[in-house]
Amino acid sequence: MPSLFMRGALAVFLLTTALPAYAQAPAGQDQVLAKVNGVEIRQSDLNAVEEEAGQIPPMSEGAKRDYLVAFLTDMLLVSKAAEEQKLGDTPDYQRKLDFARKKLLMSALLGKVGSAAVTDDAMKKVYDDAVKQMPAEEEVHARHILIRADAGDEKASKAAEDKIKAVIVRLNKGEDFVKVAGEVTEDPSGKANGGDLGYFGKEQMVPEFADAAFGLEKGKISQPVKTQFGWHVLKVEDKRTKPAPSFDEVKPQVEQFVTRKAQADLVTKLRDSAKVEKFYQSEAPAAPGAPGAPK
C-alpha cells in the first residue's frame, strides 16, 4: 500500500498544479464509494484525482481505489481544518481561487472550441493541403555489400578494396547479388536480407554512398565506393518519388493541428478585439542568434 508520505506528495502536487477538465464518470456509474464525516466521495472524484495525478505507482485496481480514497479523505479533512481557521477568507487565497476559476473556464472553452473544430471535412482539408505542399523527394531502393576497413588504416583499406573489386567481378559475371551478399558482406543485417537497405532519401546516407546510389541507373551495379565504414558495392533495385503518408498514418497529428489552430484563432480574435493597456516598458525582442533569442 502506498505510504502516507506518497499520498501527501500527491496532495501537494495536485494543490499546486493547474486543474484540467476532468473525465466524468459514465451516467449511472457515479456511485458513492465512501463518506468522510458525512461528505460523499464518488467515482467521479476518484477519476478527477487520477487524471490530475498522472502516473500513479503500479498497483491493482482495488489497491488504487483504496489509495485514491485515502488521498481524498486526507484532502477533505485538511481542507476542513483550513476552513475552520478561515484560511479561505484571506485576500491571497481569494486571488488564487479567482485565478484557478479563470484558468478552468479558459480550459473549458478552448476544449469546446477544439472539439467542435475536429470534423472529418476539416481534417481531410488540412491533410490534402499539406500533401499538395510537400516537395517532391526522390528515393532509391538499393542493396549493398560491405567489406569493412577502419578509417586511417591504409593497409586494411587496400585489402578491403581488392575484396570488393573481386565481388564486383563475380556480380558482373551474373552471380545473384542477394546470394553473394549473404556470403561475403560484413554488414550483419546484410547477411540476413541480401544487403537490402529498402527505400531511402539522399540525406539519410553518408555523402559518398548517397552520391553513388542516386547517380546509378535502376538495375545497375556500382564501382567500388569508399566510405568511413569501408568499401561497398551497390545495386539499385528501384527509384521513386517518395509517397505522401496516408491520412490514417498522420491522423493524430492532423487532429492536433486542427484543434490547436481553432484554439489559437479564438485567442487571436479575442485579443484583437480587446483593449490591452500596459503600464510598463516592453522589452524589445532579442536579435536572431543573440543570447536568449528564441531558437
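The values are calculated or read from the model by the stated rules, or taken from the named source; none is laboratory data. Predicted model, so just to flag it, every value in this text is computed and none were measured. Please note: Cβ atoms are built from the backbone with ideal geometry, for glycine as well, and neighbour counts cover all protein chains shown. For accessibility, only protein heavy atoms count, side chains too; no ligands or nucleic acids. Shrake-Rupley method; radii C 1.70, N 1.55, O 1.52, S 1.80 Å.
Yes/no per residue for (1) open to solvent by less than 50 Å² (accessible area, probe 1.4 Å); (2) over 13 Å from residue 141 (Cα atoms):
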residue	(1), (2)
203	no, yes
211	no, yes
225	yes, yes
238	yes, no
Note to self: Six or more apart or on different chains, Cβ atoms under 7 Å: show the pairs whose first residue is in the range 65-91 and under 27 Å from residue 30 (Cα atoms) and whose second is buried (at least 17 other Cβ atoms within 10 Å of the Cβ) and acidic (Asp, Glu).
What the structure shows: 68/50; 72/45
Checklist line | The lone exception for residue 202 - which of (1) under 15 Å from residue 232 (Cβ atoms); (2) touching a helix residue (DSSP H, G or I) at 6+ places or on another chain (Cβ under 9 Å); (3) not hydrophobic (A, V, I, L, M, F, W, C) it fails | finding: (1)
Note to self: Between 140, 118, which is of a type in the set (A, V, I, L, M, F, W, C), within 23 Å of the chain's Cα centre (by Cα) and open to solvent by less than 100 Å² (accessible area, probe 1.4 Å)?
What the structure shows: 118
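Restricting attention to the range 62-90, which residues are out of contact with any strand residue (DSSP E or B) (no Cβ under 6 Å at 6 or more places or on another chain), polar (S, T, N, Q) and surrounded by 12 or more Cβ atoms within 10 Å (Cβ to Cβ)?
Of all residues in the range 62-90, those out of contact with any strand residue (DSSP E or B) (no Cβ under 6 Å at 6 or more places or on another chain) come to 62-68, 70-71, 74-75, 77-90.
Right, trim to polar (S, T, N, Q) and you get 79, 85, 90.
Passing the criteria: only 79.
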Item checked: One residue from 247, 214 being within 30 Å of residue 130 (Cβ to Cβ) and touching a Phe, Trp or Tyr at 6+ places or on another chain (Cβ under 7 Å) -> 247
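Is it the case that the range 252-266 has a residue that's modelled with pLDDT of 95 or more, surrounded by 10 or more Cβ atoms within 10 Å (Cβ to Cβ), over 30 Å from residue 164 (Cβ atoms) and basic (Lys, Arg)?
Yes, there is a match, as at least one residue in the range 252-266 is modelled with pLDDT of 95 or more, surrounded by 10 or more Cβ atoms within 10 Å (Cβ to Cβ), over 30 Å from residue 164 (Cβ atoms) and basic (Lys, Arg).
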Next item on the list: Collect the residues in the range 30-48 that are within 36 Å of the chain's Cα centre (by Cα), more than 16 Å from residue 77 (Cβ to Cβ) and not hydrophobic (A, V, I, L, M, F, W, C), keeping them in residue-number order.
Entry: 30, 42, 43, 44, 47
Notebook entry, point to check: When the residues of the range 173-193 are filtered to those that are among the β-branched types (Val, Ile, Thr), closer than 12 Å to residue 233 by Cβ and in a helix (DSSP H, G or I), which remaining residue is most open to solvent (accessible area, probe 1.4 Å)?
Noted result: 184
Item checked: In the range 267-277, residue farthest from residue 125 (Cα to Cα) [restricted to those that are assigned to a loop (DSSP other than H, G, I, E, B) and open to solvent by 90 Å² or more (accessible area, probe 1.4 Å)] -> 277
Item checked: Restricting the range 35-61 to residues that are among the acidic types (Asp, Glu) and in a helix (DSSP H, G or I), the residue that is most open to solvent (accessible area, probe 1.4 Å) -> 61
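Okay, residues lined up against (1) part of a strand (DSSP E or B); (2) surrounded by 14 or more Cβ atoms within 10 Å (Cβ to Cβ):
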residue: 92; (1), (2): no, no
residue: 98; (1), (2): no, no
residue: 101; (1), (2): no, no
residue: 107; (1), (2): no, yes
residue: 110; (1), (2): no, yes
residue: 113; (1), (2): no, yes
residue: 125; (1), (2): no, no
residue: 128; (1), (2): no, no
residue: 147; (1), (2): yes, yes
